[in-house]
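Report on one structure; see the data block that follows.
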Ligand code: RP5
């Protein structure tokens, strides 16, 4: 088992169907993770303890997902020296997702949260891997391979589209 380097936290277990994408891609990159529920509103004492201690436990990056009045990523960023990646989630108490998005995105100067697109937990995982990879050549090699596979997949589709023509093309 590799040591835990990325902590994936979310405001509620209802966020897990989205946040599990971050866990899956980080496991693919062979990066040690932990997954927890930390709620800014329902477990504020846990939030403080978690955010003040994560770097002392060897965590390098925190991915925090929340929806609606999504205060979790920003509050964790206010208390932790670690990079925090925020995942806005369109959740049961979201109006349309913009509420989650803007709650996480519009941080004041001095307290950044790297915000990914709505529900884009997979991208949060990839960004965390890129941060870890800047100090770990094995992880960086896996990120390079991942990107090269993305390129190959698109070029294969392009060939198929050019050959079939846009009317006959089937995904
Ligand atoms: C937020 O409220 C959570 O991050 C979740 O997205 C949303 C709804 O939570 P539940 O009522 O489903 O537990 O704090």
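Values quoted throughout were computed directly from the atomic coordinates according to the rules given, and no laboratory measurement underlies them. All values derive from a computational prediction rather than experimental measurement. Glycine gets a Cβ as well: all are built from the backbone with ideal geometry, and neighbour counts include every protein chain shown.
If packing is taken as the average count of other Cβ atoms within 10 Å, what order do 129-138, 75-84, 159-168, 7-16 fall into, highest mean first? Intermediate results must be reported in sequence, preceding the final value.
Details: 129-138: 16.0, 75-84: 19.7, 159-168: 9.3, 7-16: 21.8.
Most protected by this proxy first, the peptides run 7-16, 75-84, 129-138, 159-168.
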Highest-first arrangement of 60-69, 86-95, where packing means the average Cβ count within 10 Å: 60-69, 86-95
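Students often check this: by mean Cβ neighbours within 10 Å, which of 145-151, 51-57 ranks highest, and how do the rest follow? Intermediate results must be reported in sequence, preceding the final value.
On the way: 145-151: 11.0, 51-57: 14.7.
Packing proxy ranking, top to bottom: 51-57, 145-151.
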Relative counts (whole %) of C-alpha pair distances in the stretch 81-141, using bins that are 5 Å wide: 4, 18, 22, 19, 17, 10, 6, 3, 0
Simple spin-label estimate for residue 3 and residue 24 in nanometres, 7 Å along Cα-Cβ: 2.9 nm
Degrees separating the helix 121-133 axis from the principal Cα axis of the chain, which is the longest one: 80 degrees
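What length, rounded to one decimal in nm, is gained on full extension from residue 109 through to residue 34, with 0.36 nm per residue of separation minus their alpha-carbon distance?
Numbers: separation 75, 0.36 × 75 = 27.00 nm, distance 2.90 nm.
Result for the pair: 24.1 nm of gain on full extension.
Hey, what did the chain get for relative contact order, percent, Cα under 8 Å, at least 6 apart?
On the way: 315 pairs, mean separation 36.2, N = 171.
In percent, rounded to a whole number, it is 21.
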log₁₀ of I(q)/I(0) at q = 0.13, 0.22, 0.23, 0.25 Å⁻¹ - the stretch 98-171, Debye sum with one point per alpha carbon: -0.65, -0.95, -0.98, -1.05
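Tell me, what is the Rg over Rh of the stretch 4-135, with Rh the Kirkwood radius over Cα pairs?
Result: Rg/Rh = 0.93.
Assuming R0 = 41 Å, what is the FRET efficiency of residue 102 and residue 156, from their Cβ-Cβ distance, to the nearest 0.05? All intermediate terms of the calculation are to be shown ahead of the outcome.
On the way: r = 38 Å, r/R0 = 0.92.
Result of the calculation: an efficiency of 0.60.
Give me the number: length gained by fully extending residue 144 to residue 117, i.e. 0.36 nm times residue separation minus the C-alpha to C-alpha distance, one decimal in nm.
On the way: separation 27, 0.36 × 27 = 9.72 nm, distance 2.20 nm.
Extra length from residue 144 to residue 117 when fully extended: 7.5 nm.
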